[in-house]
Structures are given as structure tokens and as C-alpha cells.
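Submitted below is the structure of interest, expressed as C-alpha cells.
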Amino acid sequence: MQTPAPVEYAKATSIADAISRLEALGEDSRPVAGGYSLIPMMKLRLARPETVVDLNGIAELRGIRVEGNELVVGAMTTHADVLSSAILFEHYPIFREAEHVIADPIVRMRGTIGGSMCQADPASDLSAVGSALRGTAVIAGSAGTRTVPLREFHDGPYETVIQTGEILTELRYPIRPGAGSAYEKVERRAGDWGVCTSGVFVVVSGGVITECGIGMAAVNADHYCAPEAEALLTGKAPTEENLKAAADAAANEANPNADQRGPVDYKRHLASELTLRALRRAVAASQGA
Amino acid sequence: MTAVEEVPTSAAGNPIGFGRMVRKEDVRFVRGEGNYVDDVNLPGMLHGAILRSPFAHAKINSIDTSAALELPGVVAVVTGKDLEGLGLAWMPTLSYDTQAVLATDKVRFQGQEVAFVIAESRYIARDALELIDVDYDPLPVVADAKKALDPGAPIIRDDKEGKTDNIVYEKWEAGDEAVTDAAFAGADVVVTQEILYPRVHPSPMETCGSVAHMDPVTGKLILWTTTQAPHAHRTVYALVAGLPEHKIQVISPDVGGGFGNKVPIYPGYVLSIVGSIVAKRPVKWMEDRSENLMSTGFARDYHMTTSIASTKEGKILGVKVDVLADHGAFNGVAQPTNYPAGFFSIFSGSYDYPAAYCKVKAVYTNKAPGGVAYACSFRITEAVYAIERIVDCLAQELKMDPAELRLKNLLRPEQFPYKSPTGWEYDSGEYEKTMKVAMEMVGYDELRKEQAEKRAKGEYMGIGISFFTEGVGAGPRKHMDILGLGMADGCDLRVHPTGKAQVRLSVQTQGQGHETTFAQIVSHELGIPPEDIEVIHGDTDNTPFGLGTYGSRSTPVSGAAAALVARKVRDRARIVAAAALECAPDDLEWELGRWFVKGDPERGKTIQEIAMAAHGSLELPEGVEGHLDAQVVYNPPDLTYPYGCYICVVDVDPGTGQVKVRRFVAVDDCGTRINPMIVEGQVHGGLADGVGMALMELIAFDEDGNNLGGSFMDYLLPTSMECPDWELGETVTPSPHHPIGAKGVGESATVGSPAAVVNAVIDAIAPFGVRHADMPLTPANVWRAIQGNPIRTDMAVE
Amino acid sequence: MQVSVNINGVEHSRDVEPRTLLVHFIRDDLQMRGTHWGCDTSNCGACTVWVDGAPVKSCTMLAVQAEGAEVTTVEGLVKDGALDPIQEGFTECHGLQCGYCTPGMMMTGRWLVDQNPNITREEIREGISGNICRCTGYKNILDAIEYARDHANSEVSA
């Protein structure tokens, strides 16, 4: 079996402790959350931090709550907890639908939402969900906390705006009464990364879409979202024709690469097809709400 | 049904003979007490790791191992140059080619072995790999088999003197070309299809590895290794390394799945031996998953241009196949010597027609060696896939139901033993009966109705049939050998004084349940309860010679050996019983577990009583030495021919190309079923393989020869989510020439099922004008097929 | 680095390199060989153990991360010499062939049944999707876990 290169280990006891350790250790250190991305990369020796700072002992980073008009999810909340959360499901079924198709049930027991966001894999389902919902990242460092819209959180594949000495502490998602949401994913096999995914929310009010968000993963959409498609839909009636036009627009905002999951034409087609399917279901849910 | 149901049961509740019983080996496995190679830890043991080539084709200018040697804990670093000095840089393959143990001149595939580190721990060994500096000059690459023969293609095997092309062999043929051409000339309909069986990999859950312990004092080598063929491996090590064969003990402990992956000898095994000699300490080498996928025996890579000829009524007249076979950088296939394309020539399948012809050309490419593996029955997977796919293409052309077309052409019971147009002699079968059982089970007519209704609504479901015939149990010594070793199997049976027995086999289980099945065979013959029979295998010092477990040969060959050795013991017991009962042996009659006097059933001796008497002071007739132990060597008169009919039902989403396998019905006829539970388990596993190969498993390469299936993130194995609850049926047509009528079943489902899945998917999307797309039918490939532009799957997706 | 872990009710303390994976700590340092491994990418689940009651792929966790934890491995399933219902189920239903994925598969299966004593076949199917078996085609594994579900209910849960 492949094995990691030599590494030092530190277990953080609090957010402040994690920050001070990471700051002191500098850029050769890496925080580890669930570990299902970092540790395999260490085994393959694609990552070789000098020190890993373990965030698993920090209780304050876990949990899901409503705060004012926002859903707040601690960065170290596991996929399994997001999947089974009644609060998240009540407001956004997209969380359950997306989590249901992330990795496998064992990985979901230890893997975390914050870990996924920070890994920033181009196929990250939760990045697509976060961008669709226009959530916010709360990032803590020695100078205090700052918030970054999730649509500005990524600096490209596997890159985020988090600086050395900072950690992601929370993810916040605005509550939108009456919203419908849905997630669609095509994968080659259960547990595989998506070939293409699309997650959306819509609020239908008075016969028109008053607000919407479209997120996509695995097709190199900027910040995992499709703002032009959203603009096309906003203020429009949720007709099949309008949904289709938006889905096609979303496909144009995708910039997929060919790989063993599929050729470019197929992935672009999926961006449209899956966005359309997600929009239909989200509209129906919003209208039924 | 079978005779299985009427046998008496033992005190432990097991059948005395054939029937369902839970497996004896499970006692240790469910406790985590199995003993696999990586569980072997010896005092002072070192760990080996292999540095592998990042390039598919490159000249090696130099290898600098100095930094690695300086790392604390590193004991030695071995390179090809070091091996050259020992005459071990190259080793023979199982098909009379050579393969580099460690590259000397150049590397010929990505992942090829370049250096071997021996260190105090597995972690340090891997650290040291990063410190070895190899200077490569990359060379042009042949990754596409179709370009291997282009003029100007780089010559891969320039190590062979005078080699000026990439041909492994130019032409191997079977059948009568002229007769077949004449049949085609007279046909109403001819359909031709290029069919690729892409490269897949057996990837057992346990990777390959070994622990070598060369005793520096006695000169005895003990090798614990992941092998399906311990005796054959022992002989090859003796030939390769010049080691005396009587001082080599090969132990194959518990093996975590094989599927053909653990038949060849890999450089890593040889290197662990070399390491043990160099370091004078035991050396363990366990490959990681990427090494397993990128360097060990792959399967298939057959490009098959297949043609079928028929009348307009659907009477098949002939079939032709022209194959381009990609063997990778070394010809490392494991198959009988006289069959360079394995048993591919059985491609004429289960149908009655007089004309069949195939020709095969094999080429070298800059890809890992192998080709015969993954439960293929020596390439019958490829043969069945070709014939069953082309029959469906013909059905589509004729606008005929594929079930009707098959029923019209299946061989009839009175034709057996049937001599096929390519020279195989099928032993027995009632094909139509088996097919009808399958159609009944699946509800074929109702499904076709449902399909028509769905199509009218724009929903796409498909029904796919595969009818396969295998020839297994290699094989008769006069036709079949591997590296000159005839394919007969020995078997020893000892019956202890108390009537408990030990049976020693040459074959080696990798999960097939030999410890149970072979106990049942002996039990069936002698009436000793199976719990009183210990099966001993996987240790060359303690078992008789034989060629191992692959090609579904354990039951057809060693199973026959076990039955015959038990009969030999029974005959000997008769003489002892006669002496004890003071009568002539001819006066005795056998019933399960007991000889008794004809006409006086009360007077008799049980096998246990006879065993004690045989070891006691009873006076025996002259010429009878006492004891009951016996040995046999079984040289099969011919292959056995299991067959079956599989029907798969899929639902396809044309908007995304996703395929859902809804149902899978498998009706197998493997002759007598010794333990039906184990038989069904074998079939279940093979059906999952079929779903995997048809829908997701693939090792493709880009033009630079980079392996695109080198981890379980890229080489997708089916999970529980893709596998339906298999629905199994059976018919039983015993083999007329096998002592217990068993035909072997280990590979039937892997051989038969891919075509059923592919036929179902193509059937679903046929309304879009699709006749064929190559495996694997990923969502992308299905969608592209619907667009009329299916993906070429052996190369990188573009 | 010193690490102390309670495995199957027994405290074990060792000095290990921080990079040591939990699976190697169990197999190599403690010589408990029932836990297997099958890949490098956390896909196969052969190495599944419980850490504080939850299943973990032990190839993807450092041993030092298990400091102070309670770990259960396949060797911990037998209680007072008696097989656990999951072990009985795998035996009775022919839920294993080569036995290599079996320890991890049983750890996942038993956990699923503990989580939901009324778990359905389809929920089990989903629950084991992170454990790869190459031999059985999964049907008998589902049967085995259903067997455990049906026979574990009579037990007093811990």
C-alpha cells in the first residue's frame, strides 16, 4: 500500500489554537478535517505537508443551526450530519440530494463539508450547492474573522482564498421562504465524482421566478455557477421554454474538458439537461410550497 | 432436479456427498483469521518496493541509487545491471517470450520495473524510491494497436535480435477459410461489425505479493506467494533462477481473489527472491493497487472484425472473425502452448452451422503485458462476446427477435457429442431447454410487450440475451501443456485409522471453496462425512504436482482426480473388508460408506471400521500392503462444456445515457452441482464482472502510453448499487466423460454475461438507429452512440 | 509519537511515526491481521473498522488521530466465544468467497444494522456501496446483513 512521507502531527483544541499553530508553522502545514482527500494525496505523495494540524477535536466547528435569516453549518460538520439534517432539508432539499450522491456512506461519516469546500475539487458537489445558494464562507485568522461569498471563495481548481494561518469555520446560507431546490448528477458509478452536476434553487412567486441560483460542478464553470442563466430566468414565468433557455445558457457557461468521464460535447449537453431537470423539480417544489 | 437432494446428512448436519452446506473455510474468514501473504511476518523480515517507469517507452541512460542507499533503514537497491550479472535481468514468460525483471536497456511500458529497494520497513522502502534518480530519454510510443504495424512505427522489442517489426505472431487460424468464404458467397444476408473487447483487469481485492525466505545455510527457498498455480510456479522458479527444484517450497496461503491475475510470474516475485538472497534475510514485497492495475496481467484487448452470413429466414450459414490482438510489451499470456489465441476458436458458439473461420494477428505495444486473465477461460470471453454480439446484429438486420433467431439455430440434443466447425467436441447439452427456462423465468414475452408500450411513450428499456458454450478443464496432456508441463493433476488421499481423511490437491482456491467442495466429492465417493475430511492445498511440499486453478479447471480436472482417488481407496477398502468379513471381494456390494455382503446386508463393515482394520493386525491377502491411502494422476480425456443462457433487462435514460440494470436472469448448466450454494456464488460473482465490464471497467491509454485506469478512482469496479438481485436457474446435463458429471462453473458467468448486458443496452437504444457500441457503455458512450458517434474506448476520450 | 488506543476493549500503547496509517498500526504494530487493505484511494473499504462506534476506512486515518479512541476491528466481533449475528449471517448466506473484503464488509454491515434495526434491503444496498467485493456480486452479502438484522434484534443492544 502507498504510504505518506514523514509528517509531524498536532491536534488543535480550539479554533484559536488551530489558527495559532497554523500561523506559526507557516505554509508547509495543512489542516486536516475528515482526511479523505488530504490523506490519499499524502499517500500518493502529491501532498507532503511538514505538519498536519488536526481539526477533529474542535467541537465548536461542528453543528447546524438557524441564526436569524441564515442556515449556519460548522465547517467540521460531517457529510452524514448534513445528509440527515432536518433543518437543512426543510429549507433546502438540495443538501440531502447532493449529499446522497457524495462518495459513499463510510466516507460521509468522517468527511466534512468544510473539508470538501477547501479541497475545491472541480467536481465538488458542495461547491456547486454553495454557489447555487449564494452562501458565505466564514474564515477565521489571527486578525479576526472575515466573510467571503462562496461565489468568490475559489481561486481555481484546488485553490481557495484561505490564507496560511486561516481556517474555514462556518458556511452560511440565506433562508428563502418558498424556495424549491434540487440537485442532479450523472456519475459513471455510485461513489464516483460527477461527470457533470447541476444544483438549483428557485423562488416562484406570483407566477414568476423572483430569485434563483444555478450551480454546476465538474464542467469548469467559473465559481461553479451560471449567472447568465440565472439572469435569464429571474423575473420570468417558469415555463418549459424559459427553463430550457436558461439551461442552454448554463451549458454555455460550462467549459468542460474531455477526460475518461466523457467528451466535451457530452458534458456540455449534460450541463443543459441536468440544469433543466433540476429547474423543473425546483419549480414544482416552490410552486407546491 | 439434481440428485443432490436425497443424500443422507451427517451428525454435523452436512450432506454426506453433494448438496448445500456452509463452507468449512468460513470459520476462519469470518473471524478475521485468514492467512494471506501480507499477513506473513517472519523474524528479521525486510520490505521491498519497486521503482517503476513513468514513461511508456524510454531509453535508460543511467540510474543513480546513491541517495537511496544513504537513507537510514535501506539495506540494498537492486537495478537491472545488478541482475544482468546474475543472469536474472530477463525471465521467460509462460508463452516462450522473455520479460524484463528489471529494465536494463529501456522501459517498454508505463509502470515497468526499474529498480528494487530493500529496507527495514515498508515506509522506508517507499521513501527510498523517491531518492533514486533515473535518467530517461523518452522514445516514440505505440499505444494504439492499430498503429503497431505502421511502417516507421518504433520497434518495441529491439532486445530480440533482428526484430524489425512489432509482430508477436503473424497469423494463427482455425476453421476452413475456403468453406467459410463459400458459405458467405451463398448467403442472403451478411453482417459485419468491428467489435472491440477493450482492456480490463481482474483486480482481485488482494493485490499480488510474496515473502521470500532463502535459508542461507540449507539453501532452501520458501516462497509465500499469491499464486493460483503453486506447482507450476515452483518449476518455473527452478528454471529461471537455476535453483534446485527440490529445495523450493511454494506456499500459496489464503488468496484474496485471483481471476487469472495470479497465474503469471511477475518480476516482483522474482525480486523478493533475489532480495532474500542478497540480504540474507526474508523479504516481503506487496504491490499497491496502482502497481496491480498498471503492471500485472490485464485481460482482453481484442479487436475483432466479425462477420455473419445467413439466409433471409435467419438460418446461420457461417461466421468469420479477423482479430488484431494487443499483447502489450511482452508476450506474457498464460495459456496452453498450442493455443496462441487461447480457446478463441470456439467462437462458433452454440449454433448449428458448418462454416467458421478465424485468423488472429498479435502485436506488441507499449502497454503492460498480459491478455489471458479475468475469468476468461482462455479467451472464451472474447469468443462468446463476438458471436453473441454479431448474432444480435444479424437479428437487427433481419428484423427478427433475437430469441427467435437463437432458437432457430441452437444445437439440438441429438447432435452431441458435437464436432464444431473449428474442431471442438462439445460433450453434452440441451440448449433449447435451457434457453426456454431462462425465457420463462424472465417473462420474455411480457417484457417485449412492456418494451413496446414504453417505446410508444418515449421510454427506453432493453432486453439482452447471451447464450454461451465454454470448453473448460484443460486439459488432455497430448494436446495441452504450459511451458511443456502437461495439464494433468495429481491427488492424494489418506484415510487415517479412525476413518478421518485428508485429501491433498494440486489446485489452489482463491475463494472458490475448495476446502468444502473437494471434501464433498470424497464424501460422495466414500461416505465419510465432509467435516471428517480435511482438504490440504497450496503448499508444494505437501501436495502432489498439478497445474493449478484457472480456466475453470479445478472441478473438471482435480475434481475428477479427487473422485478417482476416492474410488481407488474404496476398491482397496473392499479387499480389506473382504478379509475382515472372510469372504471374497466380489461377494461385497457398496452402499454409501459401507461394504456389505451381497444378499446379507447386516454383514458389512463401514469405511471407518475398514480404515481401522487396514491399519491393524488383520491378516490381508497376499499383495495387499495394508492402509487405505492412495494417489492418482488425472489426465482428462477431453474438455467439459458448460453452457448457459443469460437474459438482462436494462432501462436507459437517453437524455443522460445512464443505464440501470433492472434484472438479470442466469440459467447455467454446469452438469452435476456438488454444492449448489457455492455454484450459485460463483455465478453471482461472474455476473457482477459482466456488469462491470459492460458498463464501467476499462484501462485505456493516451497516445503517450499513459495508463488511464491506474487506481480504483479510475478503474471502476461495480458496487452493490449497480448489481441487481441476480435471478438464477439451472438445468443439469452431466458431462458424459467426467467421473461425477461435473463441468466447471468458475468462469461461466464472467464469460457469458457481458454480451447480455451490452445486447440489452443496444436493444434499448436501437430505435435511435444504434447497432453497436463498444464496452464499456458509460453514460457518455451511450449518449454518444445515440448521437451516432460512439466512443473509441481503448484510447483516451477526446 | 506515543499513541494509546483501546482496541476491542484492550488498551494498546505504542511509539509510532505520526505518518503511520491506522491500518498499519493495527496490522503491523499490533499484529492484528484481520483488517485488510485493497487500494490506495479510500475506495474499496476492505480496511473498515469502527472508531468510537462509527465506521472509518482505516487506510485514510493516521494512527495518532485515534489517540484515546475506542476502535473495534473484526477480531472484536466475537463475544464470549460466540459469533456475532453478522458473522453467522455471512457464513449461513455464503456472503463471502475469498474472504478478503469480508472483515470490512462485516464491520459496515453490523454498523448498519445497529443504526437501524429495521433497515431495508435497499438501504443496506446503499449502505455497503463504499465496500467493494470482487467475488460475490453482493446478493448474498445483502442476504447476510438481512440475516444479521433479523437475528440481532433479540440481543440486548450495548
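Rounded to the nearest whole Å³, what is the per residue volume of the convex hull around the Cα atoms of the protein assembly as shown?
Residue-normalised Cα hull volume stands at 183 Å³.
In whole Å, largest first, what are the principal axis extents of the Cα atoms in chain A?
That gives 57, 45, 31 Å along the principal axes, largest extent first.
If you wrap a convex hull around the C-alpha atoms of segment C:2-74 and split its volume per residue, what is the figure in Å³? All intermediate terms of the calculation are to be shown ahead of the outcome.
Values: hull volume 5.4 nm³, N = 73.
Per residue, the Cα convex hull of segment C:2-74 comes to 74 Å³.
Next question. What does the helix-only formula give at 222 nm for chain B: each DSSP H stretch with n ≥ 4 adding -39500 (n - 2.57), the total divided by the residues, and the result rounded to the nearest 500 deg cm²/dmol? Intermediate results must be reported in sequence, preceding the final value.
Details: 18 runs with 207 residues, N = 798.
Here the helix-only value at 222 nm equals -8000 deg cm²/dmol.
Between C:Cys135, C:Thr91, C:His151, whose Cα lies farthest towards the positive end of the dipole of segment C:85-152 when Lys and Arg beta carbons carry +1 and Asp and Glu beta carbons carry -1, centred on the Cα centre?
C:Cys135
What whole number of Å gives the distance from the Cα centroid of segment A:189-256 to the Cα centroid of segment C:90-116?
First find each Cα centre; the distance between them is then 41 Å.
In addition: Convex hull over the Cα atoms of segment C:85-152, averaged projected area in nm²? List each step's numbers first, then the result.
Values: hull surface 14.5 nm².
If I average the Cα hull's projected area over directions, I get 3.6 nm².
Over both sides of the A-C contact, add up the buried accessible area with a 1.4 Å probe and give it to the nearest 100 Å².
Values: alone 12660 and 8290 Å², together 18400 Å².
It comes to approximately 2500 Å² buried between A and C.
Given 0.36 nm per residue, what is the gain on full extension from B:Asn635 to B:Val217 after removing their alpha carbon distance, in nm?
Details: separation 418, 0.36 × 418 = 150.48 nm, distance 3.88 nm.
Separation in residues times 0.36 nm, less the Cα-Cα distance, equals 146.6 nm.
Please compute the Cα-Cα pair-distance distribution of segment A:80-227 with 10 Å bins starting at 0, giving whole percents from short to long.
With 10 Å bins starting at 0, P(r) equals 12, 42, 36, 10, 1.
Using 7 Å Cα-to-Cβ label points, what is the A:Ser20/B:Ala185 separation (nm, one decimal)?
Those two pseudo-labels are separated by 9.4 nm.
So what are the ³J(HN,Hα) numbers for segment B:472-477, from phi and the Karplus equation (6.51, -1.76, 1.60; θ = phi - 60°), rounded to whole Hz, Gly and Pro as x?
Computed from phi, the couplings for segment B:472-477 are 10, x, 6, x, x, 4 Hz.
Moving to a separate point now. Restricting to DSSP loop positions (anything but H, G, I, E, B) with no more than 10 other Cβ atoms inside 10 Å of their own Cβ, which GluC sites (Glu not before Pro) remain in segment B:139-175?
On the way: sites: B:Glu161, B:Glu170, B:Glu173; in loops: B:Glu161.
Passing sites in segment B:139-175 are B:Glu161.
Right, another one. Straight-line reach only, C-alpha to C-alpha below 20 angstrom: list the aspartates and glutamates that B:Lys598 could link to, leaving out same-chain residues fewer than 8 apart.
Within the straight-line limit of under 20 Å, B:Lys598 reaches these aspartates and glutamates: B:Glu525, B:Asp571, B:Glu582, B:Asp586, B:Asp587, B:Glu589, B:Glu609.
If the cut-off is a Cα-Cα distance under 15 Å, which aspartates and glutamates reach B:Lys408, setting aside same-chain residues fewer than 8 apart in sequence?
B:Glu313, B:Asp352, B:Glu388, B:Asp392, B:Glu430, B:Glu432
Out of the GluC sites (Glu not before Pro) in segment B:299-393, which ones are loop residues according to DSSP with at most 16 other C-beta atoms within 10 Å?
Numbers: sites: B:Glu313, B:Glu382, B:Glu388; in loops: B:Glu313.
Passing sites in segment B:299-393 are B:Glu313.
So if we plug the beta-carbon distance of A:Glu228 and B:Glu173 into 1/(1 + (r/R0)^6) with R0 = 45 Å, what FRET efficiency do we get, rounded to 0.05?
Working: r = 61 Å, r/R0 = 1.35.
Once the sixth-power term is evaluated, E becomes 0.15.
Further, regarding this structure: With a 1.4 Å probe on protein heavy atoms only, tell me which residues of segment C:126-154 lose at least 30 Å² of accessible surface in the complex relative to the chain by itself.
Buried on complex formation: C:Glu126, C:Ser129, C:Ile132, C:Arg134, C:Cys135, C:Gly137, C:Tyr138, C:Lys139.
Next question. Within straight cross-link reach of B:Lys247, meaning Cα distance under 21 Å, which lysines are found once same-chain residues fewer than 8 apart are removed?
Excluding near neighbours in sequence, the set is B:Lys220, B:Lys280, B:Lys284.
Explain nothing, just the number: relative contact order of segment A:59-174, from Cα pairs under 8 Å at least 6 residues apart, as a whole percent. All intermediate terms of the calculation are to be shown ahead of the outcome.
Values: 211 pairs, mean separation 31.9, N = 116.
Contact order relative to length: 28 percent.
Once you've got the Cα coordinates, tell me which of B:Lys146/B:Lys361; B:Lys106/B:Lys171; B:Lys312/B:Lys399; B:Lys262/B:Lys743 are over 21 Å apart.
Values: B:Lys146/B:Lys361 11 Å; B:Lys106/B:Lys171 28 Å; B:Lys312/B:Lys399 10 Å; B:Lys262/B:Lys743 23 Å.
In this structure, B:Lys106/B:Lys171; B:Lys262/B:Lys743 exceed 21 Å between Cα atoms.
Also, quick follow-up: Loop-only check: which trypsin sites (Lys or Arg not before Pro) in segment B:488-540 are DSSP coil with at most 13 other Cβ within 10 angstrom? Working shown, then result.
Numbers: sites: B:Arg494, B:Lys500, B:Arg504; in loops: B:Lys500.
Loop-located and lightly packed - none at all.
Further question: Find the all-direction average of the projected area of the Cα convex hull for segment A:8-54, expressing the result in square nanometres with one decimal place. All intermediate terms of the calculation are to be shown ahead of the outcome.
Working: hull surface 12.1 nm².
Here the figure is 3.0 nm², rounded to one decimal.
I need the calculated FRET efficiency for the pair B:Glu161 and B:Ala238, taking r as the beta carbon distance and R₀ as 22 Å, to the nearest 0.05.
0.25
I want to check the label-to-label distance for B:Glu313 and A:Leu46. Put each point 7 Å from Cα in the C-beta direction and report it in nm to one decimal.
In this crude spin-label approximation the distance works out to 6.1 nm.
When you take every Cα atom in segment A:1-104, what is the radius of gyration, and what is Dmax, the widest Cα pair distance, in Å?
Over segment A:1-104's Cα set, Rg and Dmax evaluate to 16.1, 49 Å.
Here is a follow-up. Size of the dipole of segment A:179-288 about the Cα centre, Lys and Arg at +1 and Asp and Glu at -1 on the beta carbon, nothing else charged, in debye to 20? Walk me through the numbers on the way to the answer.
Working: 11 positive and 14 negative charges, 68 e Å.
In debye, rounded to 20, segment A:179-288 gives about 320.
Here is a further query. Based on C-alpha coordinates, I'd like the Rg and Dmax of chain B, in Å.
Considering chain B through its Cα atoms, Rg and Dmax are 27.4, 86 Å.
Turning to a different aspect of this structure: With an 8 Å cut-off on Cα pairs and a minimum separation of 6 or more residues, tell me the relative contact order of segment B:58-207 in percent. Please report the intermediate quantities before stating the final value.
Values: 154 pairs, mean separation 35.2, N = 150.
Computed over segment B:58-207, the figure is 23 percent.
Could you grab the relative contact order for chain B? Cα pairs under 8 Å, six or more apart, rounded to a whole percent. Intermediate results must be reported in sequence, preceding the final value.
On the way: 2069 pairs, mean separation 125.3, N = 798.
Value for chain B: 16 percent.
Between A:Asp28 and B:Asp600, with labels modelled 7 Å along Cα→Cβ, what's the label distance in nm to one decimal, could you check?
9.4 nm
So what are the ³J(HN,Hα) numbers for segment C:132-139, from phi and the Karplus equation (6.51, -1.76, 1.60; θ = phi - 60°), rounded to whole Hz, Gly and Pro as x?
8, 10, 9, 9, 8, x, 6, 4
Distance from the Cα centre of segment B:203-236 to that of segment A:1-45, in angstrom?
So the two Cα centres are separated by 39 Å.
Relative to the longest principal axis of chain A, what angle (0 to 90°, nearest 10) does the C-alpha long axis of helix A:240-253 take?
Once rounded, one gets 40 degrees.
Over all residues in B:679-686, what is the mean tally of Cβ atoms on other chains that come within 10 Å of each residue's Cβ? Each step should come with its number before you reach the end.
On the way: counts 0, 4, 10, 4, 1, 10, 10, 2.
Mean shielding count: 5.
Once fully extended, how much extra length lies between B:Val624 and B:Glu440, figured as 0.36 nm per residue of separation less the alpha-carbon to alpha-carbon distance? Let's see the in-between values first.
Numbers: separation 184, 0.36 × 184 = 66.24 nm, distance 5.65 nm.
Extra length available between B:Val624 and B:Glu440 comes to 60.6 nm.
If you don't mind, there's one more thing I want to ask. Please report, in debye to the nearest 20, how large the charge dipole of segment B:102-144 is about its Cα centre when each Lys and Arg carries +1 at its beta carbon and each Asp and Glu carries -1 there.
Details: 4 positive and 9 negative charges, 36 e Å.
Dipole magnitude for segment B:102-144 comes out near 180 debye.
Given Cβ point charges of +1 (Lys, Arg) and -1 (Asp, Glu) and nothing else, what value in debye, to the nearest 20, does the dipole of segment C:2-74 about its Cα centre take?
Values: 5 positive and 9 negative charges, 49 e Å.
It works out to roughly 240 debye.
Measure out, as a whole number of angstrom, how far apart the alpha-carbon centroids of segment B:347-369 and segment A:260-289 sit.
Comparing the Cα centres of segment B:347-369 and segment A:260-289, I get a distance of 43 Å.
Something else about it: Just to verify a number: FRET efficiency for A:Glu60 and A:Ile175, C-beta to C-beta distance, R0 = 22 Å, to 0.05? The partial results should precede the final answer.
On the way: r = 22 Å, r/R0 = 1.01.
After rounding, the FRET efficiency stands at 0.50.
Run the numbers for B:His615 and B:Glu453: contour at 0.36 nm per residue of separation, minus the present Cα-Cα distance, in nm.
Working: separation 162, 0.36 × 162 = 58.32 nm, distance 7.39 nm.
Stretched fully, the B:His615-B:Glu453 segment lengthens by 50.9 nm.
The values are calculated or read from the model by the stated rules, or taken from the named source; none is laboratory data. This structure is a prediction, so every number in the text was calculated from the model and none was measured. Neighbour counts are summed over all protein chains in view; Cβ atoms, including those assigned to glycine, are modelled from backbone coordinates with ideal geometry. When the accessible area is computed, the model is the full protein with side chains, heavy atoms only, and any ligands, DNA or RNA have been set aside. Shrake-Rupley method; radii C 1.70, N 1.55, O 1.52, S 1.80 Å.
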